[in-house]
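Engineer: Could you have a look at this structure, given as structure tokens, before my questions?
The values are calculated or read from the model by the stated rules, or taken from the named source; none is laboratory data. Every value quoted in this text rests on a predicted model; they were computed, and no experiment measured them. Neighbour counts run over all protein chains shown; Cβ positions are idealised from the backbone, glycine included. Accessible surface is based on the protein model in full, side chains and every heavy atom, while ligands, DNA and RNA are left aside. Shrake-Rupley method; radii C 1.70, N 1.55, O 1.52, S 1.80 Å.
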Amino acid sequence: MHLDHSHDGPSAVSADAHRPDGSRRALRIGLGGPVGSGKTATVAALCRALRDELSLAVVTNDIYTREDAEFLLREAVLPPERITAVETGACPHTAIRDDISANLEAVEDLEDEVGPLDLILVESGGDNLTATFSKGLVDAQIFVIDVAGGDDIPRKGGPGVTTADLLVVNKTDLAPYVGSDLARMAADAKAQRAELPVVFQSLRSEPGVRDVADWVRAQLAAWTA
Amino acid sequence: MSRAALLVLADGRFPAGGHAHSGGAEQAVKAGRITGAASLEDFCRGRLHTTGLVAASLAAAAALGVDAVALDEAADARTPSPALRVAARKLGRQLMRAARATWPSAELDDLARRFPKGAHQPVVLGVAARAAGLGAVDAAHCAAYESVSGPASATVRLLSLDPFEATAVLARLAPESDRVADRAVEAARRVVDGGIDELPAGSAPLLEIGAEVHAAWAVRLFAS
Ligand SMILES: Nc1nc2c(ncn2[C@@H]2O[C@H](COP(=O)(O)OP(=O)(O)OP(=O)(O)O)[C@@H](O)[C@H]2O)c(=O)[nH]1
Ligand SMILES: [Mg+2]
């Protein structure tokens, strides 16, 4: 929207692909999913994997603390000025879908203050299976679930599982201990998502976040093409 | 004026960031000053006649075309708490974005250029009302109503208060909210002739103190 409006205007309004100075803005990728599925751990691993080849920043949406931002700071995955926490007022999905203004400000301020950036990762606060990102906020979204949350989640579907650009099934290392059937999860995900990609990963063992990082690289190549 | 445009602007779902703010209710709940519908009503009544009146007057004056920079300074002078100033500017910036996308206008673009990090929310509200083809009365009603609707919906989440009771509180306050809006418009008209000092300066010290206390909490549900 307002593509014609953004070049001479005082600041961008929403999903405009260009910044006020006419340059192309960073690709924005959202990470959503249930509480504790491994969103922050995936963000941290992506930062480590990509920070030497890309200019990166992260926005976190915590529900009532700054824990995710503080974890990323403690782990020193990025310099502190590249990590911003947004306060979401008890309602994480509102801040990423229905009223995205605070998150848009956070991504734009990051570009202004530490840019130029290639990629901004936006982590949602842990939420339910219906929480998805607005297209006004992100260009692509990853939905992160884990094997310990129940192997019937892919079968249950819901907007996150069904429509996310990438579905990540995390913590595969735990499958034997919680009795999750990975083959069944893969078949259910395939049935829900048709051609949309699914990655099974464990961040506790090799190759860790590699497949997701490759997917992000491909998104970026398409964005800058 | 378009009555439907007023409904769009006043809708609690208008995407301008309000959902993340409690208008002081979170701190008041923790301090034991809001415990149910009756004390929520007292809290909202206090807000309505103090910061609500000031916000409504600022919004009405901005809708009449009074200089936004002067109004923003006047808002600062009437907001002792630094945390509340930050919150008001954040909300103003978010409203500016939503309003520019909803009712594109040269005046809103100009405001965004002069205040890239946001002007006080009521000032933006008044300019947004102009852009929507609304008048000072509409802007004042929006600001007065927002001053109580935000805390009411936050309290539903904070106390698991019965949502019907919270809405009934707002309905009971409606006649007072109308009177506050009328007074605000009168004040705004006086500003046009007599200058910025005609704006009311009602203040609520507990809201200011509470906002500073709240801003220092490590764990909170709402941004203010
Ligand atoms: N075993 C195992 N644990 C993991 C894996 N990935 C993440 N964890 C652990 O799971 C817990 C939750 O991970 P987070 O990354 O904080 O999850 P999150 O989705 O960001 O959580 P919220 O933001 O609170 O919703 C942490 O203790 C992680 O160390 C994995 O692949 N295997
Ligand atoms: Mg997290």
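Engineer: For segment A:186-222: of the residues being away from ligand 1 (no atom under 15 Å from the Cβ) and part of a loop (DSSP other than H, G, I, E, B), which is most open to solvent (accessible area, probe 1.4 Å)?
Structural biologist: Restricting to residues being away from ligand 1 (no atom under 15 Å from the Cβ) and part of a loop (DSSP other than H, G, I, E, B), the top hit is A:195.
Engineer: Could you pull out the residue among B:58, B:91, B:48 that is aliphatic (A, V, I, L, M) and out of contact with any Leu (no Cβ under 7 Å at 6 or more places or on another chain)?
Structural biologist: Numbers: B:58 fails: out of contact with any Leu (no Cβ under 7 Å at 6 or more places or on another chain); B:48 fails: out of contact with any Leu (no Cβ under 7 Å at 6 or more places or on another chain).
Answer to the check: B:91.
Engineer: Sticking with this structure for a sec: Is at least one residue of segment B:182-197 assigned to a loop (DSSP other than H, G, I, E, B) and not basic (Lys, Arg)?
Structural biologist: yes
Engineer: Kindly provide the set of residues from segment A:53-69 that are free of Cβ contacts under 8 Å to residues at least 60 places away in the same chain and either crowded, with 24+ Cβ neighbours inside 10 Å or more than 10 Å from chain B (Cβ to nearest Cβ) (or both), ordered by number. Even if it seems obvious, please write down each step before you answer.
Structural biologist: Looking only at segment A:53-69, we keep the residues that are free of Cβ contacts under 8 Å to residues at least 60 places away in the same chain, and these are A:53, A:64-69.
Of everything in segment A:53-69, those that are free of Cβ contacts under 8 Å to residues at least 60 places away in the same chain and either crowded, with 24+ Cβ neighbours inside 10 Å or more than 10 Å from chain B (Cβ to nearest Cβ) (or both) turn out to be A:53, A:68, A:69.
Engineer: Taking into account only those residues within segment A:90-107 that are open to solvent by 30 Å² or more (accessible area, probe 1.4 Å) and among the charged types (D, E, K, R), which is nearest to ligand 2 (Cβ to nearest atom)?
Structural biologist: A:97
For every residue, the table says whether it meets (1) away from ligand 2 (no atom under 15 Å from the Cβ); (2) among the hydroxyl-bearing types (Ser, Thr, Tyr).
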{"site": "A:77", "(1), (2)": "no, no"}
{"site": "A:82", "(1), (2)": "yes, no"}
{"site": "A:88", "(1), (2)": "no, yes"}
{"site": "A:113", "(1), (2)": "yes, no"}
{"site": "A:119", "(1), (2)": "yes, no"}
{"site": "A:129", "(1), (2)": "yes, no"}
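Engineer: Does residue A:108 satisfy being at pLDDT below 95 and more than 16 Å from ligand 1 (Cβ to nearest atom)?
Structural biologist: yes
Engineer: Right, another one. So, residue A:44, is that one within 14 Å of ligand 2 (Cβ to nearest atom), part of a helix (DSSP H, G or I), more than 10 Å from every other protein chain (Cβ to nearest Cβ) and out of contact with any strand residue (DSSP E or B) (no Cβ under 6 Å at 6 or more places or on another chain) or not?
Structural biologist: On the way: within 14 Å of ligand 2 (Cβ to nearest atom): yes; part of a helix (DSSP H, G or I): yes; more than 10 Å from every other protein chain (Cβ to nearest Cβ): yes; out of contact with any strand residue (DSSP E or B) (no Cβ under 6 Å at 6 or more places or on another chain): yes.
In short, yes.
Engineer: Still on this structure, I have one more. Against the definition (touching a helix residue (DSSP H, G or I) at 6+ places or on another chain (Cβ under 9 Å), open to solvent by 40 Å² or more (accessible area, probe 1.4 Å) and within 13 Å of ligand 2 (Cβ to nearest atom)), how does residue A:32 come out, yes or no?
Structural biologist: Working: touching a helix residue (DSSP H, G or I) at 6+ places or on another chain (Cβ under 9 Å): yes; open to solvent by 40 Å² or more (accessible area, probe 1.4 Å): no; within 13 Å of ligand 2 (Cβ to nearest atom): yes.
It is false that residue A:32 is touching a helix residue (DSSP H, G or I) at 6+ places or on another chain (Cβ under 9 Å), open to solvent by 40 Å² or more (accessible area, probe 1.4 Å) and within 13 Å of ligand 2 (Cβ to nearest atom).
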